[in-house]
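The values are calculated or read from the model by the stated rules, or taken from the named source; none is laboratory data. On a predicted model such as this, the values are computed, not experimentally measured, just so you know. All Cβ positions, glycine included, derive from the backbone under ideal geometry; neighbour counts span all protein chains shown. Quick note on the areas: whole protein, heavy atoms, side chains included, nothing else; ligands and nucleic acids left out. Shrake-Rupley method; radii C 1.70, N 1.55, O 1.52, S 1.80 Å.
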Amino acid sequence: MMRRLLREPALHFAVAGAALFALHALVRKPASSRIVVDRAVVLGLREQHARLLGAAPSPAQERELVERWIDEEVLAREAAALGLDRGDPIVRGRLAQKMRFLQADLAPPAEPADAELRAFLAAHPRREPALLTVGHVYVSRGRDPAPLLAALRRGQEVRGDAFLVGPLLEDRTEEQLGALFGGEAARAIVAVPEGTWSAVASPYGTHLVQVRRRIPGHDARLEEVREQVREALLAARREEADRALVQRLRGKYRIEIDAPAAPLEAQR
Amino acid sequence: MRPGCTALLIAAIGCARALHVEPPPPAEAPDGGGAAVSCPALPDVVDSAPEPQCLSHDPDRQVFYGDLHVHTSFSWDAYGWGTRTDPDGAYAYARGGLANLATPAGELPRLSRLARPLDFAAVTDHSEFLGAAAHGDCTPRLSAWRFERAAAERAYDRSPACRFTSLVGYEWTGNVGERWWHRSVIFGTSQVPGLPASALDRNTPEELWASLEKSCLGQRGCDVITIPHNPNWSGGLMFNMRDDAPQRAAMTRARMEPLVEIFQHKGGSECARGAGTDDPRCNFYDRFHLRCAEHPDGMHCRGGNFVRNALRRGLQLERGIGVNPFKLGIIAGTDTHNGTPGATDEATYQGHLGLDDANPRRRLRLDLGSNSAGGLAAVWAEENSRTAIFAALKRRETFGTSGTRLRVRFFGGWDLPQDMCRSSSFAHSGYAQGVPMGGDLAARAGGIPGFAVWALQDPGTSGSPGTPLQQIQIIKGWVDAAGASHERVITVAGAEAKAAVDPASCTPPAEGSSSLCAVWTDPDFRSQEAAFYYARVLEEPTCSVYQRACNQIAADARPRTCTDGSLDMTVEHRAWTSPIWYHP
């Protein structure tokens, strides 16, 4: 698919053509055999170049851009005239997506106020996970961990075995502990009572652990997640506008469904 | 549609409609002509939010796993294969959410979820989708790009828990016929260019870099790297530079490309037997089933296709032009086209190409573009913030895995303690007395470099245990006094595989080690010879993704490829670290 797509840039042009074709149809302008490069086209090319490269094109570059635009325009119109756009799921999906984007650009959602952000967060709470600070002594397979554990519980210093994970893990989530020791070991660490040295098994051996601090999980405050809440709220509003657009446009059509028996039904 | 909206629609398509000839005078301002521009002026995504203050911050660095090669419904080909997961959906999946995969008509819905979320990800849709509309037809291109940036912002965890980092990115899909020189473009900032560069306008890497130099690196608050991917499909073009290449070209390349993707679902790119090496561990998930000893001139056997060959070639070029253009750190990725970053678990693999490989039978076709579940990018960073992750990518403190979450640390130095493997401060000593993976060793009179490497097996999940380790190898490449290139593969810890694979059950082996460590000193070191050293960690063998696909089909209905020997039915999963370079 990718290979075919890359080998046939004509497909790209077909899509562009379909877009033009559809837009022309919308304003009920018949296609013309004249191709005219107007001010708007050239300014658009300049702006695109500037956005991409940070500088306006040189006169020579601009001539090349215009020539390429004409080539594309010719191919796009020919492709549209041949009907290469019809029946193509990519073109269809692309046109639908463009309508959605157009709506999003023409009516961008309003910048939410603080109160709105707070209300949105209250309605869609975000959970901040519990964070554990853990003391850690590793005991390799084949060595009895019991005497070491007993010594730790008496408050003595002990010497564990060398390991790639160090003696103190600060403010880790259960998930992060799972990445270090495996999911079952992490679940066990989360369950040990605070302050008490305990033994936990992993694929690597035994881990003597002491949970020294536990910051409980809590619902996030707006200050902690303002950017994500803002983006999520804007996304929700765009989605709402999008649904409204489709609903409104549906009103222009009489929709008839003439489907065969439901495919999954038919198979039973 | 409301009347006002219709008027705006007509205004918007003004840039696509041709009315009369009258080219305007050349633009004075770099922003391209202000009020006369007919495309609607869109607000940029503003980089105002501060970086998170991560509670979990380790000066000796922690490992984070991610995927920097991810396509969603915003990529043309993925959309064509039926993928409808958008960039938001892909980031949600990376964080542990559920994804709906494209389902062939009449089959039950396909759902997917990661057993372990990723720590970071970049959605890298084809910029050609975003940039392919006719020039001047600006609206969808800008909208899609803005959406990609906003989706990354929505996914980035700026809270102190620092659970997830997103990176804004795209794929630049340049090619010369059937030879691909594709790049992932990854930004380290939320300030990014107004538009992505497209191969339809700029089809060479040099043009891509020139575009990024101006539109990103030349702007305040923007930083970017490009990552060449599946070079195995480049027909020798990916790492192709002449002996008399200008020094400037080599410098540009070295600056823009600190990393290479060594493995993804379109196969491995480390090395191929017959193409400059006879290392039996080459041809890992070999997409082209290469027999380069018999067809040394084949398009897919050229040295420019393989990472190890490029590392060796880079040392040779450096002798001539003073710059190593191929100083490549190592990552891996999936290149999923299902919007499913990090979906590398072979036991639950459902394909990466939408409808095209949506069931086991389709995944056993020899002509399928894809041939595995792909890999992961791992970085050693102080914390999981965008700044820390991107800094690790740029300094190459990275390794790639074939999908497993095994962990490996690798240090080189002149004074590394011999007892590092018996110390609980392995990393601390490594940083204090050496350089980590991706680093440089400068010459020291009379010195002999040592290398310390420690690997832990993937701890697995409760439902799916990790596979024990088999051995650690160090791969050395060097250039001799005559300019000839050499390589050597040395096992420094562990031994050849002990486990036998049961093809019917595919249960993980009990043999092997959960932890391997070694301190190794290069006995053949010569101080005049430039060299690189990287580590390769091998797991015990298991069923390959093909064997698992075959097992999902009734025995009497399996395709020929299940039995005819054309596909490898076992695999040794692995990790490759970034090299450490020695400069005389």
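Below, the figures for the structure above:
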| item | result |
| --- | --- |
| Antiparallel bridge percentage (DSSP; both residues within chain B; nearest 5) | 85 percent |
| Mean separation of Cα contacts under 8 Å, 6 or more apart, over the residue count of segment B:106-250: relative contact order % | 23 percent |
| Distance histogram for segment B:489-584 (every C-alpha pair counted, 5 angstrom bins, percent rounded to whole numbers) | 2, 11, 17, 16, 13, 11, 10, 8, 6, 4, 2, 1, 0 |
| Local net charge near A:Gly195, Cβ-Cβ under 13 Å (Lys/Arg +1, Asp/Glu -1) | +3 |
| Dipole magnitude of segment A:34-149, debye to nearest 20 (Cβ charges: Lys/Arg +1, Asp/Glu -1, about Cα centre) | 460 debye |
| DSSP-loop trypsin sites (Lys or Arg not before Pro) across segment B:405-484, with at most 15 other Cβ within 10 angstrom | B:Arg444 |
| Carbon and sulfur %, accessible surface of segment B:411-514 computed with the full protein complex present, 1.4 Å | 53 percent |
| Accessible area of segment B:329-466 divided out per residue, in Å², using a probe of 1.4 angstrom | 27 Å² |
| Charge dipole of the protein assembly as shown about the Cα centre (unit charges at C-beta), most positive-ward option of B:Pro205, B:Thr124, B:Thr83 | B:Thr83 |
| Compactness index (Cα Rg / 2.2 N^0.38 Å), segment B:397-547 | 1.17 |
| Value of [θ]222 nm, deg cm²/dmol, for chain B, DSSP H segments ≥ 4, -39500 (n - 2.57) each, nearest 500 | -5000 deg cm²/dmol |
| Cβ charges +1 (Lys, Arg) and -1 (Asp, Glu), total dipole of segment B:378-454, debye | 240 debye |
| Assigned charges on the beta-carbon of Lys, Arg, Asp, Glu; the protein assembly as shown dipole about Cα centre (debye) | 920 debye |
| Cut-off 10 Å between beta-carbons: net charge of the residues surrounding A:Val229, Lys and Arg +1, Asp and Glu -1 | +1 |
| Carbon and sulfur %, accessible surface of segment B:256-370 computed with the full protein complex present, 1.4 Å | 48 percent |
| Dipole of the protein assembly as shown, positive direction: furthest Cα of B:Pro193, B:Leu101, A:Val225, with charges on the beta-carbon | B:Leu101 |
| Burial order of peptide ranges B:207-220, B:154-167, B:552-565 (average beta-carbon count within 10 Å, highest first) | B:154-167, B:207-220, B:552-565 |
| Area hidden from solvent between A and B (accessible, protein heavy atoms only, 1.4 Å, total, Å²) | 9000 Å² |
| Semi-axes of the equivalent ellipsoid for chain B, Cα gyration tensor, largest first, Å | 39, 30, 24 |
| Rounded to 5, the percent of DSSP beta bridges in the protein assembly as shown classed as antiparallel | 85 percent |
| Reach of B:Lys327 by Cα under 15 Å, taken over aspartates and glutamates that are not fewer than 8 positions away in the same chain | B:Glu257, B:Glu261, B:Glu270, B:Glu318, B:Glu397, B:Asp440 |
| Local net charge near B:Ala392, Cβ-Cβ under 10 Å (Lys/Arg +1, Asp/Glu -1) | +2 |
| Dipole-positive endmost among B:Thr401, B:Asn371, B:Phe411 within segment B:361-429 (Cβ charges, Cα centre) | B:Asn371 |
| Shielding of B:73-79 by partner chains, average beta-carbon count, 10 Å | 4 |
| Length-normalised contact order of segment A:107-204 in % [C-alpha pairs under 8 Å, at least 6 apart] | 28 percent |
| Cα convex hull volume per residue for segment B:383-484 (Å³) | 167 Å³ |
| Axial C-alpha extent at least 15 Å, average Kyte-Doolittle at least 1.0 - helices from chain B (DSSP) | B:3-13 |
| Averaged over A:135-141, number of beta-carbon atoms from partner chains that fall within 10 Å | 1 |
| Kirkwood hydrodynamic radius (C-alpha pairs) into Stokes-Einstein, the protein assembly as shown, 37 °C and 0.692 mPa s, D in µm²/s | 115 µm²/s |
